[in-house]
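Let me begin by presenting the structure, written as structure tokens, before commenting on it.
The values are calculated or read from the model by the stated rules, or taken from the named source; none is laboratory data. Nothing here was measured: the structure is a model prediction, and the numbers come from that model. Here the Cβ positions follow ideal geometry from the backbone for every residue, glycine too, while neighbour counts run over all protein chains shown.
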Amino acid sequence: MENKNHSFGQAPIGKLLLQQALPAAVGILVLSIYGIVDTIFVGRYVGSLGIATVTVVLPISFFIASIGMSIGVGGASIISRAFGDSDEEKAFITFGNQIGMTLTLALLFVAIGYVFSEEILKLFGGKGDVLEPAKDYFTIILIGIPFMAWAMMCNNVIRAEGYPKVAMYTLIVPAVFNIILDPIFIVWFDMGLKGAAWATTISYIASAAYSLWFLVFGKSTMKMSIGRIKPNLKISTEIASLGAVTFARQGTVSILAIVLNNELFEYGGEMGLSMYGVISRVMMFANFPVLGITQGFVPIAGYNHGAKLQNRVHATIRLALRSSTIVAFFIFILIMIFTGPLVAVFTADQNLIRESIPAMRKSFLATPLLAFSLIGSAYFQAVGKAKPALLLALSKQGIFLIPLVIIMPALFGLEGIWYSFPLADTGAAIISYYYLKKETKAL
């Protein structure tokens with residue numbers, strides 16, 4: 001079969017970035033719309049307590065599912081460079097090891113989630129009236145987590161092969177399923193939060209089934225065999241070291257969720273959790289173009305680094321930074337202008353709307369700087385440099401945001417939490433700019 005990613009070393013950078021970034025952005029957009037629609041149905045048919053429940057459970061399920069994403073990103077970096085170096089067998093062995101690692105670790109973490117569900121939910125801020133509905137929601141979501149982990153792993157591999165549209169569909173399939181199933185389960189069957197959980201779980205299964213179909217019956221060049229699934233210590237170690245960047249980032253996000261949810265509950269109660277539930281959904285939606293450019297950037301940078309075409313790597317960095325910064329600034333302007341209507345989409349609770357509008361504006365103040373931290377971390381992962389990638393991936397949440405979320409509310413109350421976000425974005429952007437400047441000089 002033809003290996004489509006050979007064009008990564010030949011076609012114009014702008015054309016390549018558009019071809020890769022647009023499907024990735026559309027996939028993330030649709031996935032974000034699913035998250036928004038899900039929250040709308042929960043907010044309007046369950047209430048603000050339902051939004052608080054989803055806010056508690058979501059980071060836990062994403063943390064477990066991020067195992068697949070981490071293994072996918074780590075393996076995709078190796079696969080892109082292997083294709084650039086014309087070493088297809090290494091790419092196939094890498095994929096086989098990804099399969100074994102993803103399934104083993106995802107099932108292990110799900111088992112832990114079932115055994116210690118109440119303790120985990122309390123740790124993530126599931127207290128008071130939130131705990132019991134959170135338990136119902138979480139136990140159903142856990143069923144779909146291994147399927148989500150598989151889909152996220154395959155998404156990165158398929159993109160590394162040079163099929164960005166198929167990778168996009170792996171994100172669109174669960175979103176479409178969820179948008180269709182939410183009104184059926186939540187409204188028609190009157191299942192409330194349990195209906196939302198089943199809609200999400202079935203959507204994850206559909207995404208996993210689609211990605212498996214493409215790998216087995218589609219145009220994928222990947223060759224699966226029992227022999228290649230057998231652990232290869234050198235390749236598994238490299239997958240783990242590069243994937244650890246993504247996993248550590250999501251792990252830090254989960255630690256942040258523990259700190260943040262508990263601080264929100266302390267200073268704002270269930271209302272504080274509901275406010276952040278709305279803000280976080282808008283964040284998912286608002287960041288989709290920059291995340292799309294970042295995902296499109298990775299296989300291009302990785303392939304050209306593997307092919308030792310450093311001038312193309314340099315050009316890719318410059319273009320990705322420039323385009324994503326312009327897009328991020330445009331998003332910032334839209335959010336500042338349309339904050340009220342955005343919040344009102346999620347809830348009819350006038351108190352929640354009134355409190356959320358200023359909180360959202362404060363949280364998004366540094367949005368134009370987002371590109372630097374995302375592109376910086378993604379670049380070092382793409383070229384196989386795990387240490388700087390890890391530092392940059394952890395800088396926003398780990399170095400800045402977690403300490404700020406602890407310190408700022410002690411000084412300024414609930415308002416201090418919202419100001420922590422732009423301060424963390426600014427600090428992370430400065431560190432990323434320094435490392436990228438140093439790297440581009442070397443190139």
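Kindly evaluate L391 against the criterion of being within 19 Å of A244 (Cβ to Cβ), in contact with a Phe, Trp or Tyr (Cβ under 9 Å, 6 or more places away or on another chain) and either at pLDDT 85 or above or not aliphatic (A, V, I, L, M) (or both). It is true that L391 is within 19 Å of A244 (Cβ to Cβ), in contact with a Phe, Trp or Tyr (Cβ under 9 Å, 6 or more places away or on another chain) and either at pLDDT 85 or above or not aliphatic (A, V, I, L, M) (or both).
Which residues, taken from region 302-317, are basic (K, R) and either part of a loop (DSSP other than H, G, I, E, B) or under 24 Å from the mean Cα position of the chain (by Cα) (or both)?
In the first step, residues of region 302-317 are kept if they are basic (K, R); the result is 308, 312.
Hit for region 302-317 is K308, nothing else.
Just to verify a result, which residue in region 394-411, among those that are within 25 Å of T246 (Cα to Cα) and of a type in the set (A, V, I, L, M), is modelled with the lowest pLDDT?
Step one: of region 394-411, the residues within 25 Å of T246 (Cα to Cα) are 394-406.
Cutting the leftovers down to of a type in the set (A, V, I, L, M) gives us 394, 399, 401-402, 404-406.
Details: L394: 82, I399: 90, L401: 93, I402: 93, L404: 96, V405: 94, I406: 94.
Per the stated criteria, the residue is L394.
Residues in region 338-356 include none that are under 20 Å from the mean Cα position of the chain (by Cα) and small (G, A, S). Looking at (1) buried (at least 24 other Cβ atoms within 10 Å of the Cβ); (2) of a type in the set (A, V, I, L, M); (3) in contact with a Leu (Cβ under 7 Å, 6 or more places away or on another chain), which is the only condition A248 fails? Just one mismatch for A248, condition (1). Farther than 20 Å from A65 by Cα and either touching an Asp or Glu at 6+ places or on another chain (Cβ under 6 Å) or surrounded by 22 or more Cβ atoms within 10 Å (Cβ to Cβ) (or both): does that describe I239? When the stated conditions are applied, I239 does not pass them. Quick one: which of I179, I239, I235 is part of a helix (DSSP H, G or I), farther than 20 Å from G100 by Cβ and at pLDDT 85 or above? So the residue among I179, I239, I235 that is part of a helix (DSSP H, G or I), farther than 20 Å from G100 by Cβ and at pLDDT 85 or above is I179.
This table checks each residue for (1) surrounded by fewer than 24 Cβ atoms within 10 Å (Cβ to Cβ); (2) modelled with pLDDT under 90.
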| position | (1), (2) |
| --- | --- |
| A65 | no, yes |
| G74 | no, yes |
| S80 | no, yes |
| F83 | no, yes |
| F95 | no, no |
| I112 | yes, no |
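Would you mention how many residues in region 109-124 are among the aromatic types (F, W, Y) and either part of a helix (DSSP H, G or I) or closer than 17 Å to Q98 by Cα (or both)? Looking only at that region, the number is 2.
The selection criterion, being within 22 Å of V157 (Cβ to Cβ), of a type in the set (V, I, T) and either at pLDDT 90 or above or out of contact with any Leu (no Cβ under 9 Å at 6 or more places or on another chain) (or both), does not hold for T39.
For region 355-392, which positions are small (G, A, S) and part of a helix (DSSP H, G or I)?
Within region 355-392, S356, A359, S363, A371, S373, G376, S377, A378, A382, A386, A389 meet the criteria.
Taking the criterion of being more than 21 Å from I417 (Cα to Cα) and without any contact (Cβ under 8 Å) to a residue 24 or more places away in the chain, the residues of region 335-373 that qualify are I337, F338, P341, A344, Q350.
Let's see how each residue does on (1) at pLDDT below 85; (2) in a loop (DSSP other than H, G, I, E, B):
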| site | (1), (2) |
| --- | --- |
| G126 | yes, yes |
| V130 | yes, no |
| A134 | no, no |
| I141 | no, no |
| P146 | no, no |
| M152 | no, no |
| Y169 | no, no |
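I'm trying to understand the selection: among the residues of region 129-154, which are in contact (Cβ under 8 Å) with a residue 24 or more places away in the chain and more than 17 Å from T200 (Cβ to Cβ)?
Step one: list which residues in region 129-154 are in contact (Cβ under 8 Å) with a residue 24 or more places away in the chain, which gives 129-130, 133-134, 136-154.
Answer for region 129-154, where residues must be in contact (Cβ under 8 Å) with a residue 24 or more places away in the chain and more than 17 Å from T200 (Cβ to Cβ): D129, V130, M153, C154.
Within region 172-200, being within 21 Å of A52 (Cα to Cα), surrounded by 22 or more Cβ atoms within 10 Å (Cβ to Cβ) and not hydrophobic (A, V, I, L, M, F, W, C) holds for N178, D182, G195, T200. When the residues of region 64-104 are filtered to those that are without any contact (Cβ under 8 Å) to a residue 40 or more places away in the chain and part of a helix (DSSP H, G or I), the one that is nearest to the chain's Cα centre (by Cα) is T104.
Given the residues M69, M101, which is the only one that is buried (at least 19 other Cβ atoms within 10 Å of the Cβ) and at pLDDT 90 or above? Spell out the reasoning first.
On the way: M69 fails: at pLDDT 90 or above.
So the residue among M69, M101 that is buried (at least 19 other Cβ atoms within 10 Å of the Cβ) and at pLDDT 90 or above is M101.
Restricting the first member to region 415-443 and to residues that are under 18 Å from T252 (Cα atoms), and the second to residues that are hydroxyl-bearing (S, T, Y), the beta-carbon pairs closer than 6 Å and six or more apart or on different chains are F421/S363; A428/S373; A428/S395; A429/S373; I431/S395; S432/S373.
Name the one entry in L370, L352, L414 that is crowded, with 18+ Cβ neighbours inside 10 Å, at pLDDT below 95, aliphatic (A, V, I, L, M) and closer than 21 Å to Q295 by Cα.
Values: L352 fails: closer than 21 Å to Q295 by Cα; L414 fails: closer than 21 Å to Q295 by Cα.
L370 is the lone residue from the list that is crowded, with 18+ Cβ neighbours inside 10 Å, at pLDDT below 95, aliphatic (A, V, I, L, M) and closer than 21 Å to Q295 by Cα.
Among the residues of region 214-226, is there at least one that is crowded, with 22+ Cβ neighbours inside 10 Å and at pLDDT below 90?
First, the residues of region 214-226 that are crowded, with 22+ Cβ neighbours inside 10 Å: 222.
With the extra rule that they be at pLDDT below 90, the set shrinks to 222.
Checking region 214-226: at least one residue is crowded, with 22+ Cβ neighbours inside 10 Å and at pLDDT below 90.
When I326 is tested against the conditions (1) more than 22 Å from Y435 (Cα to Cα); (2) of a type in the set (V, I, T); (3) surrounded by fewer than 18 Cβ atoms within 10 Å (Cβ to Cβ), the lone failure is (1).
Just checking, which of T237, T201 is touching a residue at least 40 places away in the same chain (Cβ under 8 Å) and among the hydroxyl-bearing types (S, T, Y)?
Values: T237 fails: touching a residue at least 40 places away in the same chain (Cβ under 8 Å).
Being touching a residue at least 40 places away in the same chain (Cβ under 8 Å) and among the hydroxyl-bearing types (S, T, Y) holds for just one of T237, T201, which is T201.
For V405, are the conditions met, namely being in contact with a His (Cβ under 8 Å, 6 or more places away or on another chain) and of a type outside the set (D, E)? Criteria not met by V405. Residues that are of a type in the set (A, V, I, L, M, F, W, C) and within 30 Å of A52 (Cα to Cα) do occur in region 95-106, at least one of them.
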